[in-house]
Structure formats: structure tokens, C-alpha cells
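Data block below; observations after.
Read the figures in this text as sums done on the coordinates, not as results from a lab. The structure displayed is predicted, hence computed values, not measured ones. Positions of Cβ are backbone-derived with ideal geometry, glycine not excepted, and every protein chain shown enters the neighbour counts.
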Amino acid sequence: MNKIYLSIGLCLALLIGCTEKPPADSTAPIPQVEVITVTSQAIQDEPEFIGQTEAFRPVEIRSQVSGIIKKVFFTEGRNIKQGNQLYLIDPVPFKAIYLSSKAKVAQAQARLDLAKQDLARVLPLLEQQAVSKKNVDDAQAEVRGATAALESAQNDLIKAKFDMDNTIITAPVNGRIGRSHFYEGRLISAQETLLATIDQLDPMYVNVSVPESYLLRRRRELAEYKVERPDIFQLRGVMTFMDGSIYPQDGVLDFADVALRPETGTLQGRFVFPNPEGAFAPGQSYFYPGQFVKVRIKGYTRTDAILIPQRAVQQGPSGSFVYVVDEEDKAELRAIRASMWRGKEWLIEEGLRPGERVVVEGFFRILPGARVDPVTNQKETTAVIHNAEEPNLQSMP
């Protein structure tokens, strides 16, 4: 019987022990996050725009005289030198006109000589009253008429000589000539018919279109001393081709238009790039007119710029935000305005100040207002400072 009571007591003790709960732990661990300290620095602000190449001097070849093309001297698509013969217009009718004009000059010269001789004879006779005053007046008028006729004939000779000389059309500049629009046997009109075009390829132009919104923002930043720049025509450009290759020489801004284009709302600027390979044989030139390229503008410096890693910036319904750790080690959600990116960092326009701590790792562990354990990410901070010298600042998409 005693054994039975002892067994019942043990069972009750076990049941009572199973129903007791362990004491709750009232202190939850504080989440650890990685942070960086915001710093300001001067960086190169280098926006990038789409541009299109253009020949430095596209020279149109037109004839000064109307006539039949007798010969084409050049090979299309080749480099030519200034003074090279390009076309021959049938010179026969122009030579005939030239010889006729030359004969008319000789005739007018003979008439003038005779008129001068007559005047020289009648002047002494007037003093002797052997002739009337009218005879002298007539002789003087004949001299003036003969002089005018000679000058007219000489002008006609100059025009005839000009036309005859222009039956040979030569290259006015060095460059590369395109296709000929007309060939032997074709009648062409003076001043109107375009025969061919010569493109000067050294140097080369690159035209860029800058949006009005960028111009207004840049003007505001310059007025607020957020951005500094030299004289506008000291700005330089770095050209990148569509395959990603970078042209080895910088260009210089040499023209900015005076008005916006109403159809696009952009202002056109023009850079001039040296192109020594433009004088090489076709196929060896580095770039050609009409190419689409990217031009990165160098010369602007953004003072007191704030850069933070891209992964620190979060996106919400109201826009971009970051987590900032305050002096009490509490996480605060902060709305920011990130306008441009540079390498792996965002350029922050508004919302952050130097000295503040921004969370870069551990977002899933925190809530706004919660206490955190901030750990400084030295590697990320160092990377931000070094990357600030990389010239690849671009607009935020």
C-alpha cells in the first residue's frame, strides 16, 4: 500500500513540474547595422549628352559657268588636295567669246588713239581761229566716248577670261570628296547645279543638344555656388563611340547657339575635335560625319557634394529615403532627393548633412524609431572617398 501512495505522489510531482513555465526574458537583443558617416567633398560634375559628328567644312562644288561636262578628273570617295582638277566644262564656246572680246578691246583702243590724235590737231587751230569751238567740242566728246568704249570692252574681256578659266573646276580646300552627281555629257547650270561635296575631316565638329531643364538647373546651381566652372568656351568634351570606345583626344566647346529650338526645347552646342587621321586613306579614319556619339563635358566642379552608396538608398511610395542613426542610436527614416549617380554612389541634393550616419546594411532588422547597434563600415567609407575622383557623374534615370 505504501508503494502505491509513493507512486501516486511521484506522478503528481511530475505533472506539477511539467505545467510550470520558465521565466520570460524581458531584454531582446539590439539589432546591429552597418553605417557610414556622411562627408562632403568637391567632385568633378561631368554630364553626358548625345551628339552627332559633322564635317568641319562641307564645301559644295558648283560651276561658275553653264555648259557641257567634258571630263571628270577625280576618283569619288578619295582624299584630294587644294587645287586638284575636278571637272572640265567644254571650253570651246568660252574661248571663242574670249578671243572676240580681246579683238573688241583692240578695236576700242584704236578708236581711242584716233580720237586723241584728232583732238590734238584741232586744239592749235582753235587758237588760230581756223576751226570753230564746236569742232573742238566734238573732238573732246569723241575721246570720252572712245575711252568709255575701251573700258567696256576691257570689262567684257575680264568676264570672258573669267568664264574661260572656270571651265576647269578645281578643289578649293583639302578634304575627301564624295560622289559626283553629274558625269560627262551632262549640261549643267551656273551657280545652281551641285556637282559634288568636299568634307574637311580635320578637325571635326560634334553637335550636342542640351535640354532646357538642364540649363535652368545648372544656372540655379551656379547662382547658389553649388557648382563652379571656367569660361564656357574652356569646357572640354570626351567623346565615346557607340561601341563604348573612347576617342583619345579631348574636344573644346567653340559654339553655343543663341536660341532654343522650339520643336525640341534644346540648345545646341558644338565641340571641335582634332582628327589627324582624317587625312589618311579612306577606311583608316577614326570617325566620320553623321555618327552618333556620347559627349561627356569636363570643367564643372561640384563643391560640398554628398555621395552615399547606392544600396543605402531605398524606394518608397513617396520617393527615395534612407535610414539615419541619430545621437541616441535610434533609426530614423529620412526622405532624400538623389539626382545623379557616380560609379556606385548617389549624389544627394537634399535630405542629408555632413556628419550624419546612414545605414548601408541591415535594413530588415530595423524599424523607424527603434534602437540599433551601429557599426562603422570603414571599407565602404574609404571606397566612397576614392570613387569620388572617378569622372563618371551622370543624371539619375
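Taking LYS116 as the anchor, which lysines have their alpha carbon closer than 23 Å to its alpha carbon, excluding any fewer than eight residues away along the same chain?
Straight-distance partners of LYS116: LYS102, LYS104, LYS133, LYS134.
Quick one: compute the contact order of region 48-119, relative version, from alpha carbon pairs under 8 angstrom and 6+ residues apart, as a percent. Provide the component values of the computation, followed by the final result.
Numbers: 25 pairs, mean separation 17.0, N = 72.
Relative contact order comes out at 24 percent.
Using per-residue counts of other Cβ atoms within 10 Å, averaged over each peptide, order 205-214, 222-231 from highest down. Walk me through the intermediate numbers first.
Numbers: 205-214: 16.9, 222-231: 12.0.
Top of the packing list down: 205-214, 222-231.
Tell me the net charge near LYS70. Cut-off is 11 Å between Cβ atoms, LYS70 excluded, with +1 for each Lys or Arg and -1 for each Asp or Glu.
Details: positive: LYS71, ARG186; negative: ASP90, GLU184.
For residues surrounding LYS70, the net value is 0.
Normalising by the residue count of region 234-297, find the relative contact order in percent from Cα pairs under 8 Å and 6+ residues apart.
Numbers: 90 pairs, mean separation 23.9, N = 64.
Relative contact order here is 37 percent.
By average Cβ neighbour count within 10 Å, what is the ranking of 252-264, 133-145 from highest down? Can you show the working numbers first?
Values: 252-264: 11.9, 133-145: 13.9.
Most protected by this proxy first, the peptides run 133-145, 252-264.
Can you bin every Cα-Cα distance in the chain into 10 Å intervals starting at zero and give me the percent of pairs per bin, rounded to whole numbers?
Whole-percent P(r) values from 0 Å outward: 4, 14, 14, 12, 11, 10, 9, 7, 6, 4, 3, 2, 1, 1, 1, 0, 0, 0, 0, 0.
Name the GluC sites (Glu not before Pro) in region 310-362 that are in a loop by DSSP and that have at most 10 other C-beta atoms within 10 Å, would you?
Numbers: sites: GLU327, GLU328, GLU332, GLU345, GLU349, GLU350, GLU356, GLU361; in loops: GLU327, GLU328, GLU356.
The qualifying sites are GLU327, GLU328.
Give the whole-number value, in cubic angstrom per residue, of the convex hull volume spanned by the C-alpha atoms of region 156-221.
In region 156-221, the Cα convex hull volume per residue is 205 Å³.
Evaluate the Debye formula for region 252-295 with equal point scatterers sitting on the alpha carbons, no solvent, and hand back log10 of I(q)/I(0) at q = 0.25 Å⁻¹, in q order, two decimals.
Taken in order of the listed q values, log10 I(q)/I(0) reads -0.98.
Cross-link candidates for LYS71: which lysines have Cα within less than 21 Å, leaving aside residues fewer than 8 places away along the same chain?
The reachable lysines, counting only those whose Cα sits under 21 Å from LYS71, are LYS81, LYS95, LYS161.
Throw me the Rg/Rh for region 114-172, computed over C-alpha atoms with Kirkwood Rh, two decimals. Write down the numbers at each step before the final one.
Values: Rg = 19.8 Å, Rh = 14.1 Å.
With Rg and the Kirkwood Rh in hand, the quotient comes to 1.41.
Output the relative contact order of region 144-272, whole-number percent, from Cα pairs under 8 angstrom with separation of 6+ residues. It would help to have the intermediate numbers written out before the result.
Working: 120 pairs, mean separation 27.2, N = 129.
Worked out over region 144-272, it gives 21 percent.
Write down, largest first, the equivalent ellipsoid semi-axes of region 39-82 in whole Å, where each equals the square root of 5 times an eigenvalue of the alpha-carbon gyration tensor.
Working: eigenvalues 496, 30, 15 Å².
Semi-axes, largest first: 50, 12, 9 Å.
Can you tally the net charge around SER285? Count Lys and Arg as +1, Asp and Glu as -1, for every other residue whose Cβ sits under 12 Å from the Cβ of SER285. Working shown, then result.
Numbers: positive: ARG176; negative: ASP199, ASP202, GLU277.
Counting the neighbours of SER285, the net charge comes to -2.
Figure the gain on full extension for SER100 and VAL252 (residue separation times 0.36 nm, minus the Cα-Cα span) and round it to one decimal in nm.
My answer for the length gained is 49.2 nm.
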